[in-house]
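Please treat every number below as a calculation from the coordinates, not as lab data. Since the model is a prediction, treat every value here as computed from it, not as a measurement. Cβ sites come from the backbone with ideal geometry, for glycine too, and all protein chains shown count toward neighbours.
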Amino acid sequence: METRGIVAQWDNKSERLTVWDTTQAPVIIRNGLAGMLGLSEHQVRVIAPFIGGGFGPKMMMFYPEEVLIPWICLRLGRPVKWIEDRLEHFTATTQERSQIHQAEIALAADGRIIGVKDEFLFDTGAYNPYGLTVPINSQCTLLGQYHIAHYDSSFTAIFTNTPIVTPYRGAGRQHGVFVIERLLDIAARELGIDRAEIRRRNLIPPDKFPYEQGIIYQDFTQLTYDSGNYAPLLDKALELIGYGDFTGRQQPIARKAGKAIGLGLVCYVEGTGIGPYEGARVSIQPNGKVLVATGVGTQGQGHFTTFGQLVAAQLGVAVDHVHVVTGDTDQFHWGAGTFASRGAVVAANAVADAAKIVREKTLHHASEHFECSTEDIVLADGHAHVVGVPEKRVSLGELAQRANPLRGAVQPGTEPGLEATRYFGPTMGATAAGAHAMIVEVDLQTFAVEIKKYVVVHDCGTIINPMIVDGQIHGGVAQGIGNAFYEQLIYDDQGQLLNASFADYLLPTALEVPSMEVAHLVTPSPLNPLGTKGVGEAGAIPVGAAFAQAVEDALNRTAGHRIEILEIPLNPEKLWQLSQPGSTSEKR
């Protein structure tokens, strides 16, 4: 949401370069800068401060400015600052969404999917520094929650004179969900099957997990759904949206007001938690406070709270006694970055593992102090005490001091301090899933669309902090609404951007984003000890498909001809054109 910015400072005395960068991958930036500027990695410190949203464009391995600003700093021997303005952000920061699909689906008479064929064009912008992550995600996510025995997918990457394309929240997954969900809507209508029922008949059953799809995912491993139970997600969404009595209850009232009501219902999967790895260091300090350091950056995902919770629970301290540091290469030297809904899957498992080792060390030192077994020690309120004797206790800070003796010797096979560093790298990504449903009201005079009700049912495995998970979903849905009806970069025939300001580029505001009802089901992932799956992109992925279905449903209840919506973003003008009596499927 904020623009990019870089500040670089060279210290001649220490021969150290410090760079503050709005990046999602500080360790990668540090390594790259050291190599390109001829410095040791220990001479470069990259700090990713709190930034107002990353969403993918700040993950691109290197923008020119990320090298140029430090290079100028070294040449001048003085600090250099560059802050991107909004016009530059619109024209030079990476973007994503443009694809054109030609898709077919074959079904049996009972609505069961036999096969899907999809060919699409992927607009990669002027250059391709990031590879083919986005279209590969589209191919994989199109398979959704469904058993599709036969699948033929191919794409062509097209270079255009528009900004570079790299992942943006959802990273190609919206496209795949839009295609398969729209195909199922059309199939349901053609076969006379209820749209919820046609989805139910094709869901992968819970006894088929892990479910191998037979294609390659973005992490270059075979796409495999690690776990899931999809039918309850659909059932809960139907219940919350009031699917059974929707038509009879609301349509007559809307028609009297010159409006039409429609309902959208979609299912989706979200590939999350890919490798290669993340690490974390946990240490108890002599003052009793706990330090946690990890290489991932943070852009509002709640890492400080989530990681602090995990450590506090292991060590028996208050969460506000846990100090979390992220995105500072001097505090933690290794990591890949914050992207692909992997914080709670990859980094959190490293944090939890390190905290577990520190707990074991703490119990060991406490048992020596009290001359008892480790099983007899309780960690609570920042102290260790003997079971049943809470007054017989010692603070964690004192144990940390004892673990770092200033006299005597450290015994062989041990190490000083109450500290541990651990890394976690999953063998493959986890698969989250969910169902979204929405009710919209379309004004038949202005073709303005108002979302009257929105429900989300999601499975992200074990939930560490429900409030943070819901917040991630709320933000994702808001961005999905923007994708569906408001946001679009418009270029002229020369590739010049025509709406590079918020006066012309529309965003949904608090007036357009509805309150949401969120429910959770849990199937823990077997791929990591915490059982977590990612949630960062879940809110955004299915919104466009649900929005198109709901608006189409509303218009078809009042129009004198059949309407099919096969593209987003929509806007009132497009809806007006579709509603005209002479409109045909070729115009959609």
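Quick notes on this one:
- Highest average packing first - 450-459, 335-344, Cβ atoms within 10 Å: 335-344, 450-459
- Antiparallel %, DSSP beta bridges [both residues in the chain], to 5: 75 percent
- Cα-Cα P(r), segment 5-92, percent of pairs per 10 Å interval: 17, 55, 24, 4
- When each of the peptides 261-267, 316-322 is scored by the mean number of other C-beta atoms lying within 10 Å of its residues, the order from highest to lowest reads 261-267, 316-322.
- For segment 95-202, a crude dipole built from +1 on the beta carbon of Lys and Arg and -1 on the beta carbon of Asp and Glu, taken about the Cα centre, is about 300 debye to the nearest 20.
- Ranked for footprinting exposure by Cβ neighbours inside 10 Å, fewest first, 148, 216 give 216, 148.
- This model, with +1 at the C-beta of Lys and Arg and -1 at the C-beta of Asp and Glu, gives the chain a dipole about its Cα centre of some 400 debye.
- In sequence order, calculated HN-Hα J values of segment 168-179 (Karplus, 6.51, -1.76, 1.60; Hz; x Gly/Pro): 10, 2, x, 6, x, 6, 3, 5, x, 5, 4, 5
- Sites residue 318 and residue 557, calculated FRET efficiency, Cβ-Cβ separation with R0 35 Å, nearest 0.05: 0.05
- Put in order of Cβ neighbour count within 10 Å, fewest first, the listed residues 67, 46 become 67, 46.
- Computed Rg/Rh of segment 95-202, alpha carbon atoms with Kirkwood Rh: 1.04
- Dipole axis of the chain (+1 Lys, Arg; -1 Asp, Glu on Cβ), positive-most option in 327, 503, 155: 327
- Additional length obtainable on full extension of the chain from residue 194 to residue 222, 0.36 nm per residue less Cα span: 6.8 nm
- Nearest-20 debye value, segment 217-326 charge dipole, Cβ charges on Lys, Arg, Asp, Glu: 540 debye
- HN-Hα J in Hz across segment 459-464 - Karplus 6.51, -1.76, 1.60, θ = phi - 60°, x for Gly and Pro: 10, 10, x, 4, 9, 7
- Segments 2-15, 493-506 sorted - mean Cβ within 10 Å per residue, highest first: 2-15, 493-506
- Placed amide H near residue 223: partners under 5 Å, 5+ positions off or other chain: 213, 214, 215, 216, 217
- The label point for residue 357 and the one for residue 147, both projected 7 Å from the Cα toward the Cβ, are 4.4 nm apart.
- Modelled spin-label separation between residue 87 and residue 40, with each label point placed 7 Å from Cα along the Cα-to-Cβ direction: 4.5 nm.
- Extension gain, residue 102 back to residue 576 (0.36 nm per residue minus Cα-Cα distance, nm): 168.2 nm
- 3J(HN,Hα) from dihedral phi, segment 180-196, Karplus parametrisation 6.51/-1.76/1.60, rounded to Hz, x for glycine, proline: 5, 6, 5, 4, 5, 5, 5, 4, 4, 5, 5, 8, x, 10, 4, 5, 6
- Rg in Å to one decimal, and Dmax rounded to a whole Å, for segment 278-424 via C-alpha atoms: 15.6, 48
- Taking a straight Cα-Cα cut-off under 20 Å and skipping sequence neighbours fewer than 8 places away in the same chain, the aspartates and glutamates within cross-link reach of residue 13 are 41, 330.
- One chain, two ends: residue 213 and residue 119. Fully extended at 0.36 nm per residue, the span grows by 32.0 nm beyond their Cα-Cα distance.
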